[in-house]
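Working notes, structure below.
The values are calculated or read from the model by the stated rules, or taken from the named source; none is laboratory data. No experiment lies behind these values; they were computed from the predicted model shown. Here the Cβ is made from the backbone with ideal geometry for all residues, glycine too, and neighbour counts use every protein chain on show. Side chains are part of the model used for accessible areas, which takes the heavy atoms of the whole protein and leaves out ligands, DNA and RNA. Shrake-Rupley method; radii C 1.70, N 1.55, O 1.52, S 1.80 Å.
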Amino acid sequence: MLAAADRLAPTSTSPLRPAVMRLAVVLLYTAGLRRGELLHLTLADVDPRHGTLHIRASKFHKSRIVPLSPDAARELRSYLRKRLRPPLSRSADSPLLCNSKGRMRGYTGTGLRQGIQALFRAANICGTDGRTPRVHDFRHNSGNWIIPATDGQRRHFPENRGGVGT
């Protein structure tokens, strides 16, 4: 999916589209964020130096700090190098994932869903029924990594959660 995100073409209304979709996949999968949590992140909510995200007033109005894996923190820093270039807003309250449809604004749930669905299709990821997964399915699978062993057996290694591209 990361390779499919890299192949996306930027558009006039979403010049950061490839980078936004790549970061969305990384954060949804490695940090187990809810879609709404990801969409509500602002520049003030990210700490690239410490590799953390501040999730504000999420489910049941609770806030939390989410530490990122080293790979995910590296992806965040790479995205921010693109995101913080002019003419996009650098204001602390501006959305992390943004497009510029008319004026700069954050991605919507529909926009994110459509982008992620396009990545699933491009990567040929679907269930036995032929349907692509939902965005929320990242959250259900983020803590249950199954890493193939050299002997052909499949083993669960939840402590490895958070690596990108493994």
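Key figures
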{"read-out": "Search result, residues across the range 102-125 that are within 23 Å of PRO48 (Cβ to Cβ) and open to solvent by 30 Å² or more (accessible area, probe 1.4 Å)", "value": "MET104, ARG105"}
{"read-out": "Residue ID - nearest to LEU96 (Cα to Cα), chosen from residues in the range 53-74 that are buried (at least 17 other Cβ atoms within 10 Å of the Cβ) and among the β-branched types (Val, Ile, Thr)", "value": "ILE55"}
{"read-out": "Subset of the range 1-38 (residues that are in contact (Cβ under 8 Å) with a residue 60 or more places away in the chain, touching a Pro at 6+ places or on another chain (Cβ under 8 Å) and open to solvent by less than 60 Å² (accessible area, probe 1.4 Å))", "value": "ALA5, LEU8, LEU16"}
{"read-out": "Check on ARG74, in a helix (DSSP H, G or I) and at pLDDT 90 or above", "value": "yes"}
{"read-out": "Meets criteria (among the small types (Gly, Ala, Ser) and at pLDDT 90 or above) for SER89", "value": "no"}
{"read-out": "Residue list for the range 126-161, restricted to those being touching a helix residue (DSSP H, G or I) at 6+ places or on another chain (Cβ under 8 Å), of a type in the set (Val, Ile, Thr) and either loosely packed, with under 15 Cβ neighbours inside 10 Å or at pLDDT below 70 (or both)", "value": "ILE147"}
{"read-out": "Unique residue being at positive phi and within 12 Å of the chain's Cα centre (by Cα) when the list is GLY32, GLY115", "value": "GLY32"}
{"read-out": "Complete set of residues in the range 1-27 that are under 19 Å from ARG105 (Cα atoms) and charged (D, E, K, R)", "value": "ARG17, ARG22"}
{"read-out": "Enumeration of residues in the range 78-101 that are open to solvent by less than 90 Å² (accessible area, probe 1.4 Å) and either in a helix (DSSP H, G or I) or of a type in the set (Gly, Ala, Ser) (or both)", "value": "SER78, TYR79, LEU80, LYS82, ARG83, SER89, SER91, ALA92, SER94, SER100"}
